[in-house]
């Protein structure tokens, strides 16, 4: 039978692990048995339901919202449009996932991932990339159903 102090200490340690995982500041490079001297079972943290949840849901990352922008390309060559698209894909606060270009009409449509509209607008401004419109993608078709965009 476990001593009550051991159980409380174990729960406290596990709650700190969960808190660190949720805040994104945990160092998961350490083996689980190295945390606070838990040596009775090296895989104990991975066996608990809460750690399985963290490993499958939170640690894999939640996708950032997607946004669609339109840009007017003034006198830009295909090579210039390609260089611009590469800058957008390199990103910082925002990252272009998809870039569509119509050279004849001089239009570029870009699907971005960013934490927020404000971050995307700020990143575009600092990069000197003007946009005609910017809209968050909320819904999309999957098969024959309109579903929340992820």
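Listed here are the residues, each with its yes/no results for (1) assigned by TED's automatic domain parsing to the domain that holds residue 128; (2) farther than 30 Å from residue 148 by Cβ; (3) without any contact (Cβ under 8 Å) to a residue 40 or more places away in the chain.
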position: 72; (1), (2), (3): yes, yes, no
position: 77; (1), (2), (3): yes, yes, yes
position: 85; (1), (2), (3): yes, no, yes
position: 92; (1), (2), (3): yes, no, yes
position: 96; (1), (2), (3): yes, no, yes
position: 101; (1), (2), (3): yes, no, yes
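Within segment 53-64, not a single residue is at pLDDT 95 or above, touching a strand residue (DSSP E or B) at 6+ places or on another chain (Cβ under 9 Å) and not in a helix (DSSP H, G or I).
For segment 99-117, a residue qualifies if it is assigned to a strand (DSSP E or B) and either at positive phi or surrounded by fewer than 14 Cβ atoms within 10 Å (Cβ to Cβ) (or both), and the qualifying residues are 100, 102.
The values are calculated or read from the model by the stated rules, or taken from the named source; none is laboratory data. Keep in mind that this is a model prediction, so the values were computed, not measured. Cβ atoms come from the backbone with ideal geometry, glycine included; neighbour counts cover every protein chain shown.
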